[in-house]
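K.L.:
The structure under discussion is supplied below as structure tokens; questions concerning it will follow.
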Amino acid sequence: MMMSPDDFRRHGHSVVEWVARYFETVRARPVLPRAAPGELAASLPTSAPEEPEPMEAILADFDRLIVPASTLWNHPSFHAYFAISASPPGVLAETLCAALNMNGMLWKSSPALTELEQVTMRWLADWLGLPDGWSGMTHDTASTAGVHVLAAARQRADAASRQRGNGAARYTVYCSELAHSFVDKAAIVMGFGQEAVRRIAVDDRFRMQLAALAQTIAADRAAGLTPLCIVATVGTTAVASVDPVPEIARIAARERVWLYVDAAYGGAAAVSPRYRHHLAGSELADSFVVNPHK
Ligand SMILES: *Cc1c(COP(=O)(O)O)cnc(C)c1O
């Protein structure tokens, strides 16, 4: 049975109250749960409930079971991995998105979704000083974007690969030894295999070494492999080092391989003119990714 509009209003108010309280009190809560592994799973029913429960009981379960077993990423003292603090306006926006529940596979399947995405991508590109002619799209994660990049690079290298897959070609991908693990995962998903990823040594400032990159590409060509893509990282996840993108772009152009600038971690800093210089050379990339929430 559908929840009545009045019940929705009532429970909605208590959920908003919960979130407001959360933001008010989050600083006093522990970031890491004290739960033992398996404790939450053991406290849940082994099969899905057959009978409905009142919303009050479900919200009480959320407080009693789920919150104490949650690592609080949206906490001012959360400093693991990367900061992804969602703002109160963002939380409200998520609620509105959930209400409209749109799919954007075509313009007609939701004109607002398509056009809002295109306009805000343009804003983001402008903030970062990226070229006017670029267009962008939203992916669920930068790792997913990386799979699409390798597919696009493969299709540019071999138009028939869209139908035939890798065919006889043995593609290779280049990145620094500090590049994110998405490079390996994308190579696995694309059927190139993890061995196709060439992790190039870094210098004393943790930047990809150009001579080693050029030598590795040459050796691979000599061995009958097909160099496909160079991933240059602007802001490595471990140490925030920046690969020499302008020089890497020259190698990519000479070798006719796709240049992907991975600015997932560091790119958002370029919104500030003080850090804009870190994106130098990105305008020469075939594709570029940034995680604004990082
Ligand atoms: C986090 C990160 C990624 C992957 O981003 P996800 O959105 O978590 O998939 C890729 N590259 C770098 C440099 C990162 O820091």
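Read-outs: derived from the displayed coordinates by stated rules, not from any lab. Everything numeric in this text was worked out from a predicted model, so none of it was measured. Methodologically, a virtual Cβ is constructed for each residue, glycine included, from the backbone with ideal geometry; neighbour enumeration extends over all protein chains shown.
K.L.:
Using r as the Cβ-Cβ distance of Thr138 and Ala240, and R0 as 30 Å, what FRET efficiency do you calculate, to the nearest 0.05?
P.N.:
Rounded to the nearest 0.05, the efficiency is 0.80.
K.L.:
Now, a different point. Compute log10 of I(q)/I(0) for the stretch 63-138 with the Debye formula, placing one identical point scatterer on every Cα and leaving out solvent, at q = 0.12, 0.18, 0.22 Å⁻¹, to two decimals.
P.N.:
-0.56, -0.99, -1.09
K.L.:
Here's something else I'd like to know. What is the antiparallel percent of DSSP beta bridges lying wholly in the stretch 177-294, to the nearest 5?
P.N.:
20 percent
K.L.:
Compute the distance from the alpha-carbon center of the stretch 1-49 to that of the stretch 112-153, in whole Å.
P.N.:
Between the Cα centre of the stretch 1-49 and that of the stretch 112-153, the gap is 33 Å.
K.L.:
Same structure, new question: Over the chain, with a Gaussian network built from C-alpha contacts below 10 Å, which listed residue (Ala263, Ala41, Ala201) shows the highest mean-square fluctuation?
P.N.:
Of Ala263, Ala41, Ala201, the Gaussian network model singles out Ala41 as fluctuating most.
K.L.:
For every helix of n ≥ 4 consecutive DSSP H residues, a contribution of -39,500 (n - 2.57) applies; sum these over the chain, divide by its total residues, and give [θ] at 222 nm rounded to the nearest 500 deg cm²/dmol.
P.N.:
-12000 deg cm²/dmol
K.L.:
So, with +1 on the Cβ of K and R and -1 on the Cβ of D and E, and no other charges, what is the size of the charge dipole of the chain about its Cα centre, to the nearest 20 debye?
P.N.:
1040 debye
K.L.:
If you don't mind, another one. Suppose the Debye formula is applied to equal point scatterers at every Cα of the stretch 5-100; what is log10 I(q)/I(0) at q = 0.12, 0.16, 0.23 Å⁻¹?
P.N.:
So the normalised log intensities are -0.51, -0.90, -1.35.
K.L.:
Can you give the charge dipole size of the stretch 5-100 about its Cα centre, rounded to the nearest 20 debye, using +1 on the beta carbon of Lys and Arg and -1 on the beta carbon of Asp and Glu?
P.N.:
560 debye
K.L.:
Take every Cα pair under 8 Å in the stretch 148-261 that's 6+ residues apart, average their separations, divide by the length, and report that relative contact order as a whole percent.
P.N.:
Taking the mean separation of contacting Cα pairs over the length of the stretch 148-261, I get 28 percent.
K.L.:
Putting +1 on Lys and Arg Cβ atoms and -1 on Asp and Glu Cβ atoms, find which of Ser87, Met105, Ala214 reaches farthest to the positive end of the dipole of the chain.
P.N.:
Ala214
K.L.:
To continue, here is another question. I'd like the per residue volume of the convex hull spanned by the Cα atoms of the stretch 139-290, given in cubic angstrom.
P.N.:
That works out to 103 Å³ per residue.
K.L.:
Also: Provide the packing ranking of 182-191, 202-211, i.e. peptides ordered by the mean count of other C-beta atoms within 10 Å per residue, highest first.
P.N.:
182-191, 202-211
K.L.:
For the chain, how big is the tail of P(r) above 25 Å, as a whole percent of Cα pairs?
P.N.:
Distances greater than 25 Å cover 61 percent of the Cα pairs.
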